[in-house]
1. Can you name the condition, by its number, that Tyr174 falls short on among (1) buried (at least 18 other Cβ atoms within 10 Å of the Cβ); (2) in a strand (DSSP E or B)?
2. Of all residues being touching a residue at least 60 places away in the same chain (Cβ under 8 Å) and within 17 Å of Arg524 (Cβ to Cβ) in region 442-472, which is surrounded by the fewest Cβ atoms within 10 Å (Cβ to Cβ)? Just the residue, please.
3. Taking the stated definitions as given, is Glu965 more than 30 Å from His1018 (Cβ to Cβ), modelled with pLDDT under 80 and charged (D, E, K, R)?
4. Any idea which of Glu320, Glu265 is at pLDDT below 85 and in a helix (DSSP H, G or I)?
5. Scan region 776-790 and give yes if some residue there is farther than 14 Å from Gly268 by Cα, exposed (fewer than 15 other Cβ atoms within 10 Å of the Cβ) and touching a residue at least 12 places away in the same chain (Cβ under 8 Å), otherwise no.
6. Does Glu90 satisfy the criteria of being over 22 Å from His18 (Cβ atoms), modelled with pLDDT of 90 or more and exposed (fewer than 15 other Cβ atoms within 10 Å of the Cβ)?
7. Could you identify the single residue in Leu691, Leu687, Leu675, Leu663 that is assigned by TED's automatic domain parsing to the domain that holds Gly404, assigned to a loop (DSSP other than H, G, I, E, B) and either touching a Ser or Thr at 6+ places or on another chain (Cβ under 9 Å) or not polar (S, T, N, Q) (or both)?
8. Being assigned to a helix (DSSP H, G or I) and among the acidic types (Asp, Glu) is the filter here, so list the residues in region 824-852 that pass it.
Amino acid sequence: MLLTGIKLINWHYFTNEHIPIAGSALITGNNKAGKSTLIDALQVVLVSNMRKIMFNAAAFDEKTARDLKGYLRGRTGTEGRYTYLRGNDEDFSSYIVLEFTRSSSNEACLIGAVFDYYCDTGEEDHVFFKIENCRLREHLFLQDGYPRNREQFVRYMKSRGLNFRQYRNDLEGYRNDLRQLFGGIKESFFSLFVKGISFKPITNLRTFIYSYILDERPVDVDTMRDYAERYRQMETQLLNTGAEIMALEEECQAYEKAEHLRRREAAGRYMLHRGDYEQKVQELDEAQQQCQKSEERLQWLLTELGTLEAGYKKLTAEKEQLIEKINGIAIVRQENKLKQQIAALMEQIARLEQKQLNLLQQVKADLRDREKLVDILSLLQAPGQLTEALKEDERAWKMFLEAGFFPSDPDKHTRSWNESMKWLIVQAAELKKQWETVQKQAQELAEVIRNLGKNRVLNNASATMKLKKMLEEQLTPREGQSRVPVDILCEAIDIRDRRWHNAIEGYLSTQKFDLLVPPGYFDRALSIYERYKFTHGMENVGLVNTDKLVKEVKPPLAGSLAEEISADKEHIRAYANWLLGGLIKCSSETELKRHKRAITATCMVYQNYTARQIPRKRYEVPYIGAQAVKLQLAVKQEELRKCRQELTLLNEKIKKSDSVLSLNSDKHYLYQQWLTNFEQCKNLDQLEWELVQTKQELLHLDRSELELLEKAKEGKELELQQCEKEIAGLNTEKGQVQAKLELLEQQLRQLAGEKDAAYRKYLAYLDTLADELKETCEAKWERESQQRSPAELAHNYYISIQGLETKIKNNMDQVVNTRHDFNKRFDFLADVTAADNEKYAERLHFLKDIHLPEYSKKAGEARQKAEQALKEHFLSRLHEAIKLAYEEIDELNFALQDLKFGSYSYRFSLSPKPELREFYEMIEGYQLSSTELLFSTVFQELYGDSFNRLFEEITSDSRQDKLQELTDYRSYLDFDIIITDDRGNKTYFSKVSRTESGGGAQIPFYVAILASFYQVYHLYRNKEDTLRLVVFDEAFNRMDADNVEECMRFIRKLGFQVLIVEPTGKIQLVVPFVNTNIIVMREGFNSFVECVTCREIEQWVEHEQQQSMAASS
């Protein structure tokens, strides 16, 4: 049975193509013409299972994105930018139909597939069909030139009464019918056909066997791995339990250490409480003894005080009698009166002297104020009459200080002071206004300097800069530009000869600030200007129409001022020519009238028959050219320096003015007070004379009797002082003794309470101790109290307890941390701060005595089940697969036994793989007929170690590639090809392939793949109506010419109908061995074929090669 025709409708770039085939055929054409598209159509119909098809199999080593929908819709373009020829906005149908003809009866049979694509869902629906006793005809699939959809096609087949069958949702039925149609071929045809198309030169024998001879037979290890997973979980649980037990034992050890320290602390606290109690008993006895001694001393002091107080009263009475006698003498009364007069006079003199001193100091201060006022008036250049009046006042007050003459007219001095202060107040205000003006000027200059430092002659607040910024932000740049350049004329041009700088600056005046946009942007720029001119304060800014300017501007006149302008941009150069191109330069004013418009370097301009000097202010500040910024910067920096100097001088004047203005501005009341004080101080001399006279009178009094009485009184006073001193000393000691007694009584009460409290505390703590610990503590006290005092013992054990508390705390912290880590690690719910260890001890008991034995038993059972699953399922499946491999190789060798390629015959051999031999022997040791061997002690003795290693390898999760290897039966086998020549000499491919390269080393693979087809088609039975089709897509790329020809002869000898897809390079070698030559061509997105003769195809190849050489040169 031969393939005699192919029909493609709406298949990729093939719109409607009928390809007749007679015998074997060569399919060639340029790259991307549609050769693989044709072969993929054969795959769809013959393999039928879309998941098994390898579209574009020739590109197996390249990334290919071809799929069924792409073929149906005619996908074009590259990934991410696909477009489609069909199915964009309407449904369509496609056909692939193959015509096979029986050799015995010449009857034809059609098999194919019809596809309906729905554009609204983007999905396709297809069905395979078979038509017996029917040839390929156009009308079967087209109606009025358009492909019938599936329903129309089925109805048409039935209406014609054809032997038609469709296989809707019956892929298995279709494949079974194909096998029957093709002469009862084997099921392996469908996979072998795909492999044959994708067959490429291979040098690795194992890869070839895996890809083309022995199919993968997956072994289900899920059940075994489930058991193994349970075992691993149990084993993990056992490990976790062991780890938990170790962690608990560590926690218990830490707790026992802390508990030992607690027992030491308990004994120490007994010693501390007992020591505190015994110490309080001792302290109470000592305090009672001190209290008794203090009471005895107090009684003695009270007796002594009584005696001294009686003597003190007697002395006081005697002193009083003496005072009465003294007061009864007349001279005493006169002396007291004189003393009172002297005291009053001295007080009055002192008050007047202080007033006089204050007056002098105030006058001196006033003189200093006047000097300050005169200085600041002189600094501020005040009127002369003000300073002269102040100086005259100064001389008058100095005369007062030197001679004591108070000025006769104080109001005059007040007026001169007030007038001067009023003048200064006005001047100070003016100074501050002047300072603010200069300060503002300095700030403006600083801002200008900052802008100039950025190479900007205009500041950002200017209307020109506002419009420039707005245009740059809103104008849309052309492709490749980041923004549209907007130029200010003065920044975009420069002046060649500096002599004409002032003339250009002055003549252009404000036009030098005009804005220029590149041609093509004026209309948009003008629209923006119009929209925002008032809202953004952008009036009086010139915007040049560069679009019209560049078209209408004329070349400048010779000798014009435009010649001094340089500009990089054409439209800016044009604007300069427009403005200055008609203005002629003249060396002197006498030349001006010779021209219609002219100018001199001194800025005398002549136009409209009028000469006019340009004002200096138009050009004194430079704006044009690269040097303008530097010149302006230097000028502005000098102006700023002068402003700052002026500010410094103004600050000094304001500071001095403020210091004077802080003084009293009106001195009228001050001078009146001075006059009053001066009048009062005139009586000072008279008072001093009266004081002298009164003192003289006091000195001449007779005081003899008085002195005797005063001497006696002084004696009594000394005795009284001595008595007071002794009484005070005894009273002090009495107070001390009484305070001490009070303190001792408080101490006694406190000590009695502390003793009772210490005793109660001691007894309470004693009740908390176990009897055994009580006896130990009592013995310890009896022993140590003989050597140390209670206080010393209490102190020592207090320090010891502190150390133990720290240790206990640290140990308990460690216990808490250990518990916290344990709880977190093992998800255990218990109070980590609990004082006892009951929960953790119970958990340890449960794990060691109950949980661990139970899980050990379960883990053993899980492992036993996993091993049993490995034996009963895994090993038996591998054994069966290896057995089938030997049978398939035997069948292949049976097909190869009578086939020779040239003078050589080929035979495949299988053997155990050395690296896995121990596992192979164990697998082969498993006998299906006697499974009891697997569980016998004999099996364990022979394969126990191997079985355990295999079990660990398969159940381990560490290496997925190792698991894949061990579950693939082919991994346990080594492969070779025995090559026998016509003399019977044998060589092995494994050895030949190391020394022979190129096509020679690949011949056995071609023989093997052809032998596989030979076996699948049962060609050894010599049946006439069996399928003989073999398709190779670019399979001879690396084979030399002799081997290609020999291979083609071998294919013909075996009786195959071969379709060979080859590029133009080697088709000359194939053409003699085929009956049909097909050239696949493409124009745009339309592919078509031409069947040609051998001569025509040779001419076509020669033409393509010539075109290729011409294109490369």
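The values are calculated or read from the model by the stated rules, or taken from the named source; none is laboratory data. Just so we're clear, the structure is a prediction, and the values are computed from it rather than from any experiment. For neighbour counting, all protein chains shown are included, and Cβ atoms are generated from backbone atoms with ideal geometry for every residue, glycine included.
1. (2)
2. Only one residue fits best here, namely Met470.
3. yes
4. Glu265
5. yes
6. When the stated conditions are applied, Glu90 passes them.
7. Sole residue among the options that is assigned by TED's automatic domain parsing to the domain that holds Gly404, assigned to a loop (DSSP other than H, G, I, E, B) and either touching a Ser or Thr at 6+ places or on another chain (Cβ under 9 Å) or not polar (S, T, N, Q) (or both): Leu663.
8. If the condition is that a residue be assigned to a helix (DSSP H, G or I) and among the acidic types (Asp, Glu), then Glu838, Glu842, Asp849 are the ones that fit.
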